[in-house]
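S.K.: The structure that follows is given in the form of structure tokens.
The values are calculated or read from the model by the stated rules, or taken from the named source; none is laboratory data. The structure presented is a predicted model; accordingly, all values stated were derived computationally and were not measured. Backbone-built Cβ (ideal geometry, glycine too); neighbour counts: all protein chains shown. Just the protein is used for accessible areas: all its heavy atoms, side chains included, with ligands, DNA and RNA removed. Shrake-Rupley method; radii C 1.70, N 1.55, O 1.52, S 1.80 Å.
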Amino acid sequence: MKTSFHHALRRHQAGRLSEAEQGYRQVLARNPNHADALHLLGVIASEAGKPDSATALIARAIKVGGAQAAYCSSLGLALHRLGKLDGAIACFKESLRVEPDEARTLMQLGRALFSRQSWDEAICVFQRVTELWPKVAQVHSDLGNALHAAQQFDAAANAYSTAASLAPDDPEAPYNLGVTRTMQQRFSEAMEAYRTVIRLRPDHPDAQNNLGILLHSANQRQLAQEHFRRSGSVQAQYNLATGLQEDAELEFAEAAYRELLTQHPKHADARNNLGNVLLGLGQPAAARDELLVALSVNPEHVEAHWNLAIAELSLGNFQSGWREFEWRLRQKGNLPRHFHVPEWDGLALGGKRILLHAEQGLGDAIQFMRYVPLIESLGGSIVLETHRALGPLLRQTSTVQQWVARGEALPPVDCHAPLLSLPRLLWPEAIPATAPYLQADPVLVTGSKSRIDEHLGGQRYLKVALTWSGSAQYRNNDARSLNEANLQLFLSQLSKVNGTKFFSLQKGRAPSSQIEVIQLEDDTTDLADVAAILQNMDLLISVDTSIAHLAGALGRPVWTLLPFAPDWRWMTDRPDSPWYPTMRLFRQPSRNAWAPVIEQVRQELSRLQQSFSQSPCDPGESINNVQDH
């Protein structure tokens, strides 16, 4: 019997596990209570991924052979593999009660404590193991992991550095060091650690990916993309594509997303982002197709619903577009508001008092004010909460019974509705395009006329107001606004149109140029003043700003300069706007191509000025004739 057991043990020690298992079973067939055979058979089962069998065998060994240190340690390991952490820890501690300086058991105890998230206890145990095994790299790595989890980052970094020095060919410790230094925002040290990993293992996907992320954040974007490409992982492919998208390299981003989706067609985030890229490339129909696929994978994907709204509205599909538009209220950063009254369902109000509240920018508020009179026709008494700058202007609107600035106390109301939800509730299939639906204060208009006339010196000029940049807070402002070079080109071309006076409504002074631009911003304190100035202008030429919306809402002639892939409200291809009858749209023929737009504006303005100078008629009629041409 003894010879048979040792024969099986030698095969076990030689790694011939199937032969060893057969030998242990032969021993147990003759002596079912052979404790060592039961124990070692359990060890083989545990290493073979059969922790249930291992636990049963080792427990029998302890029952017949007593709580020997080795038995308890092996049972603890099997229980750990089963996820029974409290039992595993108890077994390891029992083993250490017999052999308190057994480093391997201490290491297993530390790992079980780590799995149970008992960070402080794990740190103490691993520190003891480093005293017993100071030259074993894995011990220092385990200590580093526990210290990192406990957010003791400096100590963790020291442990990882020690592990790396003890095993200079192993990428594990420098990779973990990179993660820790990243958590500390010590990015240059993190990058160096990841470069060490890549020198040891060039195909390490996480190190390549993480180094790419850090390089991208440091604006070394071309180098970052190289590391993303080398990684090969799905996450790295995704990071590559999103990095290209953030850098406005949309054609390359499209190719990167399509490559990823060829291998992983159900990656909903990538599919959504591809749809977003296609919107940026001026392809809303193709974007819609991709977004519908993303939603078939994840029907609750908020951003895909939102982007689908943009695509549908850009295409003029208003009913589906307004329905999807409601998903804006679930976007990250869009904090829900609670008014303790129900949201309006679009039915007749019967004298109820309704709160309408603006959500986004001034332009949105002005654009959607057109729906307010429709609510009055349903028997509602209207309280409007919006931007403070709109207040004086809205006092001219008879349909609003009470106006409240954002942040002020609200009066009692019976129901509420977000201003941007009104199209879905009131008129989802078309746009009420009656203008004007806002009015300037006559007193302010008279005062503004006097000041403008002073600049004309008694001469008859075509009066043109200008705005060339929107709010810098808007995420896509660079695309819609004229940069310094394009603004100089714009002003230079306008200077060729004689008989015209140009007035700036732009915040900040116009740069020096060949043209005199009269600054009127000093005459304005709010949008009521701007409205009065626009009432005295023959034309506004503007990029996509709230001032362009205001001119349209006042029924004043306005030429709006648009980027190649403009905001959804301007739709696609058409030179006019269904939102504003007096607005004309000038679109970039390709991305970032302002020069052709500026030249077209110069030509049309020259025609308008010629018509104006030859006719004593109202300037608005001349402008309308040009727009109808």
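S.K.: Accessible surface of Val443 in the full protein assembly, 1.4 angstrom probe, to the nearest 10 Å²?
M.R.: 110
S.K.: Also: Using 1/(1 + (r/R0)^6) with R0 = 41 angstrom and r between the beta carbons of Gln396 and Ala472, what's the FRET efficiency to the nearest 0.05?
M.R.: Values: r = 29 Å, r/R0 = 0.72.
Between Gln396 and Ala472 the formula returns 0.90.
S.K.: I would also like to ask the following. Taking only Cα atoms, what is the 0 to 90° angle, nearest 10, from helix 205-217's long axis to the longest principal axis of the chain?
M.R.: Roughly 30 degrees, rounded to the nearest 10.
S.K.: 5 Å is the cut-off here: which amide hydrogens, built 1.01 Å from N in the peptide plane, fall below it relative to Ala440, excluding neighbours closer than 5 in sequence?
M.R.: For Ala440, whose amide H was placed from the backbone, there are no distant partners under 5 Å.
S.K.: Using heavy-atom solvent-accessible surface (probe 1.4 Å) with all chains present, what is the largest-first order of Ile213, Ile310, Ile375?
M.R.: So, going from the largest accessible area down, we get Ile213, Ile310, Ile375.
S.K.: Also: Along region 65-71, what does the Karplus equation 6.51 cos²θ - 1.76 cosθ + 1.60 (θ = phi - 60°) give for ³J(HN,Hα), rounded to whole Hz, x for Gly and Pro?
M.R.: Karplus values, whole Hz, x for Gly and Pro: x, x, 7, 5, 4, 5, 4.
S.K.: Rg to Rh ratio, region 55-133, alpha-carbon atoms and Kirkwood radius?
M.R.: 0.98
S.K.: While we're here: Going by a ≥ b ≥ c, the root eigenvalues of the Cα gyration tensor, does region 100-150 fall in the rounded group (a/c under 1.5), the prolate group (a/b larger than b/c) or the oblate group? Walk me through the intermediate numbers first.
M.R.: Details: a/c = 2.03, a/b = 1.35, b/c = 1.51.
Taking the square roots of the gyration eigenvalues as a ≥ b ≥ c, region 100-150 is oblate.
S.K.: Okay, moving on. Order Leu177, Leu223, Leu550, most accessible first, counting only protein heavy atoms with a 1.4 angstrom probe.
M.R.: Numbers: Leu177 35, Leu223 65, Leu550 0 Å².
Correct descending sequence by accessible area is Leu223, Leu177, Leu550.
S.K.: Ignoring ligands and nucleic acids, what accessible area does Ile123 show with a 1.4 Å probe (Å², nearest 10)?
M.R.: Near enough 10 Å² of accessible area.
S.K.: Filter the cross-link list Lys63/Lys93; Lys50/Lys266; Lys463/Lys496; Lys332/Lys352; Lys449/Lys507; Lys449/Lys501 down to pairs whose alpha-carbon distance in this structure exceeds 23 Å.
M.R.: Those over the limit are Lys50/Lys266; Lys332/Lys352.
S.K.: Give a quick list of chymotrypsin sites (Phe, Trp or Tyr not before Pro) in region 284-380 that DSSP marks as loop, anything other than H, G, I, E or B, with at most 14 other Cβ atoms within 10 Å. Walk me through the numbers on the way to the answer.
M.R.: Working: sites: Trp306, Phe318, Trp322, Phe325, Trp327, Phe339, Trp344, Phe368, Tyr371; in loops: Phe339, Trp344.
Taking region 284-380 and a limit of 14 other Cβ atoms within 10 Å, the loop chymotrypsin sites (Phe, Trp or Tyr not before Pro) found are Phe339.
S.K.: Turning to a different aspect of this structure: Would you give the gap between the C-alpha center of region 26-83 and the C-alpha center of region 526-551, rounded to a whole Å?
M.R.: Here the answer is 85 Å between Cα centres.
S.K.: Calculate the all-directions average of the projected area of region 255-359's alpha-carbon convex hull, and give it in nm².
M.R.: Averaged projected hull area, Cα only: 8.2 nm².
S.K.: Could you sort Lys463, Lys50 by their accessible area in this structure, using a 1.4 Å probe and putting the largest first?
M.R.: Sorted descending by solvent-accessible area, the residues read Lys50, Lys463.
S.K.: To continue, here is another question. Just need the relative contact order of the chain here, percent rounded to a whole number, with Cα pairs under 8 Å and 6+ apart.
M.R.: Here the relative contact order equals 7 percent.
S.K.: If you keep only loop residues by DSSP, which chymotrypsin sites (Phe, Trp or Tyr not before Pro) in region 508-605 have at most 11 other Cβ atoms within 10 Å of their Cβ?
M.R.: Listed in order of number, the matching sites amount to none.
S.K.: Related question: Report the dimensions of region 196-273 along its three principal axes from the alpha-carbon atoms, largest first, rounded to Å.
M.R.: Each principal axis gives a Cα extent; for region 196-273 these are 35, 25, 15 Å.
S.K.: Can you give the relative contact order of region 133-221 as a percent, counting alpha carbon pairs under 8 Å and 6+ residues apart? Numbers along the way, then the final one.
M.R.: Values: 99 pairs, mean separation 17.8, N = 89.
For region 133-221, the relative contact order is 20 percent.
S.K.: Give the longest segment of the chain that steers clear of GluC sites (Glu not before Pro) in DSSP loops with at most 13 neighbouring Cβ atoms within 10 Å, not counting the sites themselves.
M.R.: Longest run free of exposed loop sites: 1-299.
S.K.: State, as an integer percentage, the relative contact order of region 497-623 based on alpha-carbon contacts under 8 Å between residues 6 or more apart.
M.R.: Computed value for region 497-623: 19 percent relative contact order.
S.K.: Need one value: the accessible area of Val517 in square angstrom, 1.4 angstrom probe, rounded to the nearest 10.
M.R.: Its heavy atoms expose roughly 30 Å² to the probe.
S.K.: If you average 1/r across every pair of different Cα atoms in region 6-85 and take the reciprocal, what Kirkwood value do you get, in Å? Numbers along the way, then the final one.
M.R.: Values: mean 1/r = 0.0816 Å⁻¹.
Computed over Cα pairs of region 6-85, the Kirkwood hydrodynamic radius comes out at 12.3 Å.
S.K.: Suppose we keep just the DSSP beta bridges with both residues in the chain; what percent of those would be antiparallel, to 5?
M.R.: 5
S.K.: From the backbone phi of region 380-393, what are the Karplus-calculated ³J(HN,Hα) couplings (6.51 cos²θ - 1.76 cosθ + 1.60, θ = phi - 60°) in whole Hz, Gly and Pro given as x?
M.R.: x, 9, 9, 10, 10, 9, 8, 5, 4, 5, 7, x, x, 5
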